[in-house]
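Below is one structure, written out as structure tokens; the observations come after it.
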Amino acid sequence: MRVMGQMTMVMNLDKCIGCHTCSVTCKQAWTNRTGTEYVWFNNVETRPGLGYPRTYQDQERWQGGWTLNRRGKLTLRAGGRWKKLASIFFNPKMPDIHDYYEPWTYEYDMLLSAPAQEHTPVARPKSLLSGENMKISWSANWDDNLGGSTATMQDDPVLQHMSSHVAEEFEQTFMFYLPRICEHCLNPACVASCPSGAMYKRAEDGIVLVDQDQCRGWRMCVTGCPYKKVYFNHKTGKAEKCTLCYPRIEVGMPTVCSETCVGRLRYLGLVLYDADRVGEAAATPDEQDLFAAQRSVLLDPHDPDVVAAARRDGIPDDWIDAAQRSPAWRLIHDYEVALPLHPEYRTLPMVWYIPPLSPVVDVVTSSGNDGEDGRTLFAAISRMRIPLEYLAGLFTAGDTRPVERVLRRLAAMRSYMRDVNLGREPVEATASAVGMTGDEVREMYRLLAIAKYDERYVIPTAHAEIADDLEEMACSLDFEGGPGMGGQGMQGAGPFGSSSGQPTPVAVENFHALASRQTADSPYGPTTPGRVNLLNWDGNGRPDGLFPPGDGTGDGTGGSANGAPRGAS
Amino acid sequence: MDVSTTQIVLWVVVPYACLAIFVVGTLWRYRYDKFGWTTRSSELYEKRLLRLGSPLFHFGLLAVIAGHFVGLAIPKSWTDSAGVSEAAYHFLATWLGTLGAVMLVSGLVILIYRRRTTGPVFLATTRTDKLMYVMLAASILSGTWATVHIQILAGGYGYDYRQTISPWFRSLFLLQPEPGLMLGVPLAFAVHVTLALLLFAVWPFTRLVHAFSAPVTYPLRPYIVYRSRDAATGGGSRTPRRGWEPSTGRREKR
């Protein structure tokens, strides 16, 4: 037994309202740069739907993840080491930008700089790749809320794997939202695919990262990841992916997507797992047994043997304590309501989902029945095959039994707690019907419904007893070659273009990006010199160009070259 | 044989200068610019032409590099003693070389055409890229021209560069340069050699450095890579500067 820690996320899909706040805040924090326009570390998909990039779940086409070869040995679906080297000059299984979408901006400046004319000027969409006018035909959320899905939904790879009667009952449309980040798998296919060895799984917390200095842009990780959560930054020529906000996690803060989640549906916690058993579990012959195999790799942090082994393997006591209090462990193990996304990809994904009961409740309620009555719900769950099969296609490789068990637990909780809330005597039989006690139901209810910040996010801090980590906060311009050292900072980066030279600290990059965004409308087309784009203004200070040049005081031509905000609070 | 100043400049000074820039430049670039060291792939923008052009170009290039190694690095006496006749050598070198050249040139044409006509790819082309393309194409085309014009069309066994260019090339690395060997080398070869030397001089400063990233160690490592946080960061978000700053070396792994 080799005990390792894994930072794990659980998302309660019943509470997702599809507001995309997680996606937007993540993008603002991490991928609002040139080259990552199309990159969504976090995206929210409407299900059924095509996902992002389109049909990424169709592994016959994209060849992501692992598979078993004829001898039953675990192997990369897109081909092993030698095949990767043979196809190094052209990666045949990589999605191109049109499978994501062509990023664009609008010619906003036209609205203000166009001369007086009969017709209202329009801001035409301009491609951020070619600078040409373009017709917008797809984006990261084109089929949001099933919009236009009659034209595309049948291409949903999960639906295609289901039986044919789906089409007939298509009228009873059900839908839910699926927020997705990197799965930080225990058996990451992206890491295995990287020819340069630039991708790695952190030994302490299991976060999968790309070493930007070592990445050489072979793009095999994009193919390897079955969730298509490694992206190619087309400006820097390097792979980028969700980092589970490791700078925040290391200091005990939740990820940006969790922190800003409106529905508070995300849980973060540590789980312990046996690294020696990962390969064996991933090579489980029957796809439908993978879910159970994956669960069996996780170790019970309350087991004295596990605790002793964890101490032996160098896991600090406060981390073991965090694993014992982990909400992720409780949802996966104690209440058994969390399921992994597509265990059949054999990567042992570590972002888990509580499947949504709402599609079932909605149908029950709309048919005039009591959507919170236990027995009605139980009957409906077993009768409504389409949502059940669909959820099973997502979470359990098509085995409907675990999904049904979870939904029944959620239904029992709903029914039991209604009695509690109405002051009636709760029916113990409802709880025992799903193998729980009333107290367990109440505990689960508390965790799912009203858990506070500290209960939802149990994050042990990284053991870095070093003051250096605070340096970036102290003087972020003081890095080598930066403005604080007499260098040029972002404007005058290395001699090989803006993405060369020593990497710029994120804080510095954001500072300059904000400054330049406040004075620029778009990379293309004419801009009014020195004018501030109010949409991008953060409200602080008085940037040059905020007001028209006054008489004598303003220079009237261009504002300062940097346009840095002044007098920020 | 009397060697003129021009000959010394062309066949001693320029080669050593170019090779020195090549070696030192590459080391400097690696130390300074690991983040900019990449293939800068444009596959994301366009796949149809790349699918054909890139493997043609690169596999052709590998064949041509192998051919150059045999022609330049292996002395004629070695192949003679191995029993390879002049006729056999010429036949193999010319036809395999031509095959490689055809792949290389057609790949290059496809890649340049793609780069010029695909909007996003052209926009992503830097000035350095354009310089690199000119130098690379000049080397390749002059070499192809030399092979076709002198080795094939001229009849016979063509020009025996293994008596002149190859020993001169090896003499550079033995640190006893013999520029006299390059007297009377056909113009096509002289041009090709000079262009190639200049290409090596710009090499470290272009995307050509990705050639040194060939992932030859990939088959040797385990699939899943684990790294400790301490080893990964080395402590702090700022790389320690050389000089007086107190060392923030590797910490004890926890």
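The values are calculated or read from the model by the stated rules, or taken from the named source; none is laboratory data. Since the structure is predicted, the reported quantities are computational estimates derived from the model, not experimental observations. Quick reminder, even Gly has a Cβ in these numbers, built from the backbone with ideal geometry, and neighbours come from all protein chains shown. Accessible surface areas use protein heavy atoms only, side chains included; no ligands, DNA or RNA. Shrake-Rupley method; radii C 1.70, N 1.55, O 1.52, S 1.80 Å.
Brief remarks follow.
- The residues in region A:198-224 that are more than 25 Å from A:A462 (Cβ to Cβ), touching a helix residue (DSSP H, G or I) at 6+ places or on another chain (Cβ under 6 Å) and touching a residue at least 60 places away in the same chain (Cβ under 8 Å) can be counted, and the count is 2.
- Of all residues in region A:408-449, those that are within 18 Å of A:K15 (Cβ to Cβ) and open to solvent by 70 Å² or more (accessible area, probe 1.4 Å) total 4.
- Listed by position, the helices (runs of 4 or more DSSP H) enclosed by region B:62-174 that each have at least 1 residues that are among the hydroxyl-bearing types (S, T, Y) are B:76-81, B:86-117, B:127-146, B:165-173.
- Filter result for the condition that a residue is open to solvent by 40 Å² or more (accessible area, probe 1.4 Å) and within 14 Å of another protein chain (Cβ to nearest Cβ), over A:R81, A:R71: A:R81
- For region B:1-51, taking the residues that are more than 20 Å from the chain's Cα centre (by Cα) and aromatic (F, W, Y), the one that is modelled with the highest pLDDT is identified as B:Y45.
- Single residue of region B:206-249 satisfying the filter (modelled with pLDDT under 50 and over 25 Å from B:W28 (Cβ atoms)) that is nearest to the other protein chains (Cβ to nearest Cβ): B:G235
- The sole residue among A:V44, A:V24 that is in contact with a His (Cβ under 6 Å, 6 or more places away or on another chain), of a type in the set (A, V, I, L, M, F, W, C), outside any loop (DSSP other than H, G, I, E, B) and at negative phi is A:V44.
- Residue list for region A:296-337, restricted to those being more than 21 Å from A:A451 (Cβ to Cβ), in a helix (DSSP H, G or I), aliphatic (A, V, I, L, M) and in contact with a helix residue (DSSP H, G or I) (Cβ under 7 Å, 6 or more places away or on another chain): A:V297, A:V307, A:A310, A:I320
- Which listed residue, of A:I315, A:I332, A:I320, is among the hydrophobic types (A, V, I, L, M, F, W, C), in contact with a Lys or Arg (Cβ under 8 Å, 6 or more places away or on another chain) and either within 14 Å of another protein chain (Cβ to nearest Cβ) or open to solvent by 10 Å² or more (accessible area, probe 1.4 Å) (or both): A:I320
- Flag for B:F122 being closer than 19 Å to B:Y16 by Cβ and open to solvent by 20 Å² or more (accessible area, probe 1.4 Å): no
- One residue stands out among those in region A:103-123 that are open to solvent by less than 40 Å² (accessible area, probe 1.4 Å), touching a residue at least 60 places away in the same chain (Cβ under 8 Å) and touching a strand residue (DSSP E or B) at 6+ places or on another chain (Cβ under 9 Å): the one that is nearest to B:R48 (Cα to Cα), which is A:P103.
- Lone unmet requirement of (1) more than 10 Å from chain B (Cβ to nearest Cβ); (2) at pLDDT below 95 for A:E250: (1)
Conditions tested, residue by residue: (1) of a type in the set (A, V, I, L, M, F, W, C); (2) open to solvent by less than 60 Å² (accessible area, probe 1.4 Å); (3) touching a residue at least 60 places away in the same chain (Cβ under 8 Å); (4) touching a Pro at 6+ places or on another chain (Cβ under 6 Å).
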| site | (1), (2), (3), (4) |
| --- | --- |
| A:P327 | no, yes, yes, no |
| A:E336 | no, no, yes, no |
| A:T376 | no, yes, no, no |
| A:P387 | no, yes, yes, yes |
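- Test: residue in region B:114-134 that is more than 22 Å from B:A190 (Cβ to Cβ), more than 14 Å from chain A (Cβ to nearest Cβ) and free of Cβ contacts under 8 Å to residues at least 24 places away in the same chain: yes
- Tally of residues being more than 26 Å from B:T117 (Cβ to Cβ) and out of contact with any helix residue (DSSP H, G or I) (no Cβ under 6 Å at 6 or more places or on another chain) across region B:38-78: 12
For every residue, the table says whether it meets (1) open to solvent by 10 Å² or more (accessible area, probe 1.4 Å); (2) more than 16 Å from the chain's Cα centre (by Cα); (3) at the interface with chain B (Cβ under 7 Å from one of its Cβ atoms).
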position	(1), (2), (3)
A:L178	no, no, no
A:L186	no, yes, no
A:A189	no, yes, no
A:K201	no, yes, yes
A:V208	no, no, no
A:D211	yes, yes, no
A:M220	no, yes, no
A:K235	yes, yes, no
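- Only one of the listed residues (B:F35, B:F57) is within 14 Å of chain A (Cβ to nearest Cβ) and either exposed (fewer than 14 other Cβ atoms within 10 Å of the Cβ) or not in a helix (DSSP H, G or I) (or both). That residue is B:F35.
- Condition met for A:A392 (part of a loop (DSSP other than H, G, I, E, B), touching an Asp or Glu at 6+ places or on another chain (Cβ under 9 Å) and surrounded by 21 or more Cβ atoms within 10 Å (Cβ to Cβ)): no
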